[in-house]
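K.L.:
Please see the structure below; I have some questions.
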Amino acid sequence: MRVDKLRIQALRCLDDVTLEPAPGINVFVGANGAGKTSLLEAVFLLSHGRSFRSGARDALLQRGADTLSIYAELIRHGSTRRRLGLGREGSRWQGRLDGQGVRLSELVSECAVVSFDPGSHALIAAGAEERRRFLDWGVFHVEQDFLALWRRYQRALRQRNSLLRSGELANSLYLPWEQEMDDTAGVITAWREQYLAQWLMLVAQYVGQLIPELGNVTLRFRRGWGEGLTLGEALVAQRARDLGRGHTTQGAHRADWMVNYEHAPLREHLSRGQEKLTAVACLLAQAALFAKHAGEWPVVCIDDLASELDTAHQSALVAQLGDAEAQILVSGTDCPASLRSEARLFHVEQGRVSPLL
Ligand SMILES: Nc1ncnc2c1ncn2[C@@H]1O[C@H](COP(=O)(O)OP(=O)(O)OP(=O)(O)O)[C@@H](O)[C@H]1O
Ligand SMILES: [Mg+2]
């Protein structure tokens, strides 16, 4: 899929920007603080309903503005045109698809963007939540019922947590919610495992091309509760402890995964650059797996390419992306030499974006 037209209004320093990215590689060049990251952030928002930068969604709103809107015309499968909108009016966020108001979950299911940015090493270096989100984004685009099941799980989890917080002891009040968590977590976990098995093969391929010196890559998946027990059994066994803590300490909401290398068995063995390259391999594999299932590549955003990777790894990444036939949006203070000949260039300056010939 690709973004054919983009209009951004009142997002951070982008007051009112309209642009038409090329189908292939697009490079956004500008000084620090010009608005490059904000531009990629807008595209990412359409596919995730949240930013890749930390902080509240409302911080995206231009200072002093009370509305924000992002509009994109997306070409899917080379021909179908979808019109996507995301905006905030008053205190509400609103999605639009081909002129109709839709829930954000419907909007984000239409648009797929994979982003590599200065925060991406968190996928490897930070806590489990980041990795769970990443995994579930992938599963969400493969399994149509994932979101509905995940919502059922979350609802049961909230109910159980509120019983725990109120110090409730009656077994009969817990059991229905624990059963619901067990039912839904079983399916969610099976989907996650299936996804990761396919994904790992692609990760191994990209790692082999980007960081072969680390040797073979393996994956460790933790489903979130102990081996040899159903989640229902684990929850009953854990209840007294959970009552002390006031929340549910085991379950599908505690799942995690980690890739391990033959020559760097611990996460702490990786340099910062190797963490970033691992994150790149994970993201590319996710994009490739999306392409396998959806029959088209997601849009790939790379924020601040040159500051993230050395020139050899930049070239290796660009070569991989060239093979991918994805639309690519790259930002930087300069245009990387490896992209100069084939990219459409845009200049970003004080929140304005203009094409460079
Ligand atoms: N809510 C907001 N309202 C107005 N301006 C904002 C808001 N949030 C951030 N900004 C400003 O928007 C500008 C653009 O930020 P952005 O991160 O997009 O720049 P950038 O081009 O990626 O810079 P860098 O090269 O430093 O990464 C900054 O000057 C920032 O201070
Ligand atoms: Mg930036």
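K.L.:
Looking at G33, G55, which is the one that is outside any helix (DSSP H, G or I) and under 19 Å from the mean Cα position of the chain (by Cα)? Walk me through it before giving the result.
P.N.:
Working: G33 fails: under 19 Å from the mean Cα position of the chain (by Cα).
When all the criteria are applied, what remains is G55.
K.L.:
With the structure loaded, tell me whether S79 is away from ligand 2 (no atom under 16 Å from the Cβ) and of a type in the set (S, T, N, Q) or whether it fails that test. First the steps, then the outcome.
P.N.:
Working: away from ligand 2 (no atom under 16 Å from the Cβ): yes; of a type in the set (S, T, N, Q): yes.
In short, yes.
K.L.:
For the stretch 49-70: of the residues being buried (at least 20 other Cβ atoms within 10 Å of the Cβ) and away from ligand 2 (no atom under 16 Å from the Cβ), which is farthest from F290 (Cα to Cα)?
P.N.:
So, considering only residues that are buried (at least 20 other Cβ atoms within 10 Å of the Cβ) and away from ligand 2 (no atom under 16 Å from the Cβ), the one farthest from F290 (Cα to Cα) is L68.
K.L.:
When you scan the stretch 228-240, do you find a residue that is touching a strand residue (DSSP E or B) at 6+ places or on another chain (Cβ under 8 Å), outside the structural domain of Q314 (by TED's automatic domain parsing), on the phi > 0 side of the Ramachandran plot and of a type outside the set (D, E), even just one?
P.N.:
Within the stretch 228-240, the subset touching a strand residue (DSSP E or B) at 6+ places or on another chain (Cβ under 8 Å) is none.
There is no residue in the stretch 228-240 that is touching a strand residue (DSSP E or B) at 6+ places or on another chain (Cβ under 8 Å), outside the structural domain of Q314 (by TED's automatic domain parsing), on the phi > 0 side of the Ramachandran plot and of a type outside the set (D, E).
K.L.:
Quick check on the stretch 59-72. Is at least one of its residues touching a helix residue (DSSP H, G or I) at 6+ places or on another chain (Cβ under 9 Å) and under 25 Å from R131 (Cβ atoms)?
P.N.:
yes
K.L.:
Related question: Search the stretch 41-65 for residues that are free of Cβ contacts under 8 Å to residues at least 40 places away in the same chain and pair each with any residue that is among the polar types (S, T, N, Q) and part of a loop (DSSP other than H, G, I, E, B) when their beta-carbon atoms are under 6 Å apart and the residues are at least 6 apart or on different chains.
P.N.:
Note: pairs meeting the criteria are E41/S51.
K.L.:
Go through (1) buried (at least 17 other Cβ atoms within 10 Å of the Cβ); (2) more than 16 Å from ligand 2 (Cβ to nearest atom) one by one and return the number of the condition A294 breaks.
P.N.:
Unmet condition: (1).
K.L.:
If you don't mind, another one. Could you list, in sequence order, the residues of the stretch 336-357 that are within 16 Å of ligand 2 (Cβ to nearest atom), surrounded by fewer than 18 Cβ atoms within 10 Å (Cβ to Cβ) and part of a loop (DSSP other than H, G, I, E, B)? I'd like the intermediate steps shown before the answer.
P.N.:
Step one: list which residues in the stretch 336-357 are within 16 Å of ligand 2 (Cβ to nearest atom), which gives 336, 346-353.
Of the ones still in play, those that are also surrounded by fewer than 18 Cβ atoms within 10 Å (Cβ to Cβ) are 347, 349-350, 352.
Q350 - this is the single residue of the stretch 336-357 that is within 16 Å of ligand 2 (Cβ to nearest atom), surrounded by fewer than 18 Cβ atoms within 10 Å (Cβ to Cβ) and part of a loop (DSSP other than H, G, I, E, B).
K.L.:
When you scan the stretch 235-252, do you find a residue that is modelled with pLDDT of 95 or more, within 30 Å of V280 (Cβ to Cβ) and not in a loop (DSSP other than H, G, I, E, B), even just one? Don't jump to the end; show me each part of the working.
P.N.:
To start, the set of residues in the stretch 235-252 that are modelled with pLDDT of 95 or more comprises 235-252.
Subset that is within 30 Å of V280 (Cβ to Cβ): 252.
Next, from what is left, pick out any that are not in a loop (DSSP other than H, G, I, E, B): 252.
Checked the stretch 235-252: at least one residue is modelled with pLDDT of 95 or more, within 30 Å of V280 (Cβ to Cβ) and not in a loop (DSSP other than H, G, I, E, B).
K.L.:
Since C282 meets every condition but one in (1) in contact (Cβ under 8 Å) with a residue 40 or more places away in the chain; (2) closer than 30 Å to E180 by Cα, which condition does it not meet?
P.N.:
Going through (1) in contact (Cβ under 8 Å) with a residue 40 or more places away in the chain; (2) closer than 30 Å to E180 by Cα one by one, C282 breaks only (2).
K.L.:
Has the stretch 303-316 got any residue that is surrounded by fewer than 23 Cβ atoms within 10 Å (Cβ to Cβ), hydrophobic (A, V, I, L, M, F, W, C), in contact with a helix residue (DSSP H, G or I) (Cβ under 8 Å, 6 or more places away or on another chain) and in a loop (DSSP other than H, G, I, E, B)?
P.N.:
yes
K.L.:
When the stretch 23-43 is examined, which residues are found to be within 12 Å of Q327 (Cβ to Cβ) and surrounded by fewer than 21 Cβ atoms within 10 Å (Cβ to Cβ)? If you could, list the steps in order and put the result at the bottom.
P.N.:
Initial filter on the stretch 23-43 (within 12 Å of Q327 (Cβ to Cβ)): 23-26, 43.
P23, G24 - these are the residues of the stretch 23-43 that are within 12 Å of Q327 (Cβ to Cβ) and surrounded by fewer than 21 Cβ atoms within 10 Å (Cβ to Cβ).
K.L.:
Identify the single condition in (1) farther than 30 Å from Q194 by Cα; (2) within 16 Å of ligand 2 (Cβ to nearest atom) that I302 does not satisfy, given that it satisfies every other one.
P.N.:
For I302, the failing item is (1).
K.L.:
Need the failing condition index for R88 against (1) within 16 Å of ligand 2 (Cβ to nearest atom); (2) among the charged types (D, E, K, R); (3) more than 19 Å from the chain's Cα centre (by Cα), just the number.
P.N.:
The number of the failed condition is (1).
K.L.:
Please count how many residues of the stretch 15-30 are of a type in the set (A, V, I, L, M), under 23 Å from the mean Cα position of the chain (by Cα) and within 15 Å of ligand 2 (Cβ to nearest atom).
P.N.:
Going through the stretch 15-30 one residue at a time, the tally reaches 1.
K.L.:
Every residue in the stretch 316-346 that is closer than 15 Å to T37 by Cβ and touching a Pro at 6+ places or on another chain (Cβ under 8 Å), please. Talk me through it step by step, then tell me what you get.
P.N.:
Of the stretch 316-346, the ones closer than 15 Å to T37 by Cβ are 329-333, 346.
Once the filter is applied, which keeps residues that are closer than 15 Å to T37 by Cβ and touching a Pro at 6+ places or on another chain (Cβ under 8 Å), the stretch 316-346 yields L329, V330, F346.
The values are calculated or read from the model by the stated rules, or taken from the named source; none is laboratory data. The structure displayed is predicted, hence computed values, not measured ones. So basically every Cβ, Gly included, is an ideal-geometry build from the backbone, and we count neighbours across all protein chains shown.
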